[in-house]
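Input: a single structure, listed below in structure tokens.
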Amino acid sequence: MAAGARKPWSTAERARAREILKTETYSVTADILNREFWQDAQIRTKLSVRGQVLHNHIDRPAEIQGDGPKEKTEFAEEGNYATAELKTLKNATTLNDLLEACEVDLDIWEVDKWVANKWPVTMKFGAKGDEEAVQIQQYQIKAWLIRKVPIKHEWPVVQPVKLSRPLTPRFKPARQGHPPTVLIIPDSQNGYWRDMRTGYLKPMHDRRAWDLVLQVAHRIKPDRIVLLGDMLDLSEWTDKFVKSPEFYFTTQVALKELFWWLTQLADTGAQIDYLEGNHENRLWRAIVKNMIAGYQLNPANQPDAPAAMSVENLLSLKDLGIQYHKPYPGAHIWLNDNLRVSHGDVARKRSGATVKEMLQDARNSEVAAHSHRLEMAGITVHPHKGPRTYVVYNLGTLARQEQGVVPSSGGRQNWQQGFGTGWYQIGGDHLFEIYPHPIYGGQIMYQGCLLKARQNLSQLAAEATGVAELVKHEVTE
Ligand SMILES: [Fe+2]
Ligand SMILES: [Fe+2]
């Protein structure tokens, strides 16, 4: 407890105070409590201002006193998963405190994991102009639960999307005498919140950012495009957060729209690699956890086809000529001997901290995303053969940055939108050059040119996918 802070009164102290107050004034009660609890220095401190403080501790609302009906419990069930949460001013730090408060039936649920936090809350009490600041501990315990005997799982309606037209010719060779060009696209988190009133599907991905990437793709016609993963948010498939009903049945539309963007990328003729991120990996986890019998199922007459419930199949990546690399976090490609590209599995809170950590283990240069931040840092090591320099990049995100739009554990996200372009040498010294391109509210300054995203993107997406709910419209009563 910080210096000068006052601990909350115990139940015994408050009970005794209430009893005395039935017949005595605050001042007399304070004297009696001081005598009876004299060995407790905290009590003497508390009563040093006598009546006013005593009044605050006895008569203030129950929810801030720490006993009585003051704690907040929340139990949210979602199929085979649930979360239980207790927020209280009582000294509660054990799993049992939580399970008792939320009345969790341990015959049905088992605890997957749990956390306990506490933090000081300062509150003011007393008459205006004569307030006293009292510091109180707020406790929070949260547990994630799994059903011991799973119930039948309701699968979202999801079908593969299909290509309805031929793509432009593919795999153009690298320009003679030039190293190959690459376009690297980070986490777009394609997905939606459904507005329960209007049916509107509010995107988690920023179509303006997607559009700018596409404009650059058609401008530079890269030899290679790398999708860094988390291109689908798959909020409906999480086993980490409780699924909000707003996510239900959004996967099919997310597949359709992402497919539309991928088709436009494939039209550049580039070789495209798609690296699995932790969000695509949710699909695999959901199947393994909930319906192992469906794992790796594919049609009887197509034994080499990707599994029915896999990202490759659902996005028809084969038809688009896109190679999918899995599983996360191991999936990666080498652009040349020095430069490795993967989704990344490090995400630190502060700007620069992710690449700083990645550099600790660097034995080559790296491009990643996952942290949703634009970062770049280098390190020079000195082995026997002389100095070697490694550079590590994080290329940001194409997800929307507004608070709460993409489900995550934080509030106001320190995320930067961006992507990367560059060149890499095949052979020679395997040199490379990667440029991070920051996106600012639907605009970029690309090599001296101001590029702006198109205005009617939701309309275009709705027409391409046949999903009218992608366009926002108000309900007229
Ligand atoms: Fe991500
Ligand atoms: Fe990620």
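The values are calculated or read from the model by the stated rules, or taken from the named source; none is laboratory data. The model shown is predicted, which means the values in this text are computed figures rather than measured ones. Quick reminder, even Gly has a Cβ in these numbers, built from the backbone with ideal geometry, and neighbours come from all protein chains shown.
Going by the structure shown, is N301 part of a loop (DSSP other than H, G, I, E, B) and loosely packed, with under 14 Cβ neighbours inside 10 Å?
Working: part of a loop (DSSP other than H, G, I, E, B): yes; loosely packed, with under 14 Cβ neighbours inside 10 Å: yes.
Yes.
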Could you list, in sequence order, all residues of the range 183-206 that are within 16 Å of ligand 2 (Cβ to nearest atom) and among the aromatic types (F, W, Y)?
none
Inspect the range 436-456 for any residue being surrounded by 17 or more Cβ atoms within 10 Å (Cβ to Cβ), touching a strand residue (DSSP E or B) at 6+ places or on another chain (Cβ under 6 Å), touching a residue at least 60 places away in the same chain (Cβ under 8 Å) and under 21 Å from T250 (Cβ atoms) and give the result as yes or no.
no
Spans of helices (runs of 4 or more DSSP H) in the range 207-295 with at least 3 residues within 16 Å of ligand 2 (Cβ to nearest atom)
281-290
Would you confirm whether or not the range 146-164 contains a residue that is surrounded by 11 or more Cβ atoms within 10 Å (Cβ to Cβ), at pLDDT below 75 and within 27 Å of V216 (Cβ to Cβ)?
no
Assess whether V311 counts as being crowded, with 22+ Cβ neighbours inside 10 Å, among the β-branched types (V, I, T) and either within 16 Å of ligand 2 (Cβ to nearest atom) or in the same structural domain as Y435 (by TED's automatic domain parsing) (or both).
yes
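Looking only at residues in the range 365-388 that are more than 16 Å from ligand 2 (Cβ to nearest atom) and buried (at least 16 other Cβ atoms within 10 Å of the Cβ), which one is farthest from the chain's Cα centre (by Cα)?
Taking the candidates together, the pick is I379.
Looking at the structure I just gave you, is K124 of a type outside the set (A, V, I, L, M), at pLDDT below 70 and not in a loop (DSSP other than H, G, I, E, B)?
Working: of a type outside the set (A, V, I, L, M): yes; at pLDDT below 70: yes; not in a loop (DSSP other than H, G, I, E, B): yes.
Spelling it out, K124 is indeed of a type outside the set (A, V, I, L, M), at pLDDT below 70 and not in a loop (DSSP other than H, G, I, E, B).
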Just to be sure I understand, how many residues within the range 269-288 are away from ligand 1 (no atom under 16 Å from the Cβ), on the phi < 0 side of the Ramachandran plot and touching a residue at least 60 places away in the same chain (Cβ under 8 Å)?
3
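Quick grid of which residues meet (1) of a type outside the set (A, V, I, L, M); (2) within 15 Å of T421 (Cα to Cα):
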position: A217; (1), (2): no, yes
position: V226; (1), (2): no, yes
position: L232; (1), (2): no, no
position: T238; (1), (2): yes, no
position: S244; (1), (2): yes, no
position: V253; (1), (2): no, no
position: W260; (1), (2): yes, no
position: L265; (1), (2): no, yes
From the list T397, T354, exactly one residue is closer than 19 Å to D273 by Cβ, among the polar types (S, T, N, Q), within 15 Å of ligand 2 (Cβ to nearest atom) and touching a residue at least 12 places away in the same chain (Cβ under 8 Å). Which is it?
T397
Cβ-Cβ below 7 Å, separation at least six or inter-chain, first residue in the range 208-235 and in the same structural domain as V406 (by TED's automatic domain parsing), second within 13 Å of ligand 1 (Cβ to nearest atom) and in a helix (DSSP H, G or I): which pairs?
L234/R282
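Restricting attention to the range 365-377, which residues are without any contact (Cβ under 8 Å) to a residue 40 or more places away in the chain, outside any loop (DSSP other than H, G, I, E, B) and within 16 Å of ligand 1 (Cβ to nearest atom)?
Here is the first cut: in the range 365-377, the ones without any contact (Cβ under 8 Å) to a residue 40 or more places away in the chain are 366, 371, 375, 377.
Right, trim to outside any loop (DSSP other than H, G, I, E, B) and you get 366, 375, 377.
Passing the criteria: only E375.
Working only within the range 369-401, note down all residues that are of a type in the set (A, V, I, L, M) and either out of contact with any helix residue (DSSP H, G or I) (no Cβ under 7 Å at 6 or more places or on another chain) or under 20 Å from W210 (Cβ atoms) (or both).
Of the range 369-401, the ones of a type in the set (A, V, I, L, M) are 369, 374, 376-377, 379, 381, 391-392, 395, 398-399.
A369, L374, V381, V391, L395, L398, A399 - these are the residues of the range 369-401 that are of a type in the set (A, V, I, L, M) and either out of contact with any helix residue (DSSP H, G or I) (no Cβ under 7 Å at 6 or more places or on another chain) or under 20 Å from W210 (Cβ atoms) (or both).
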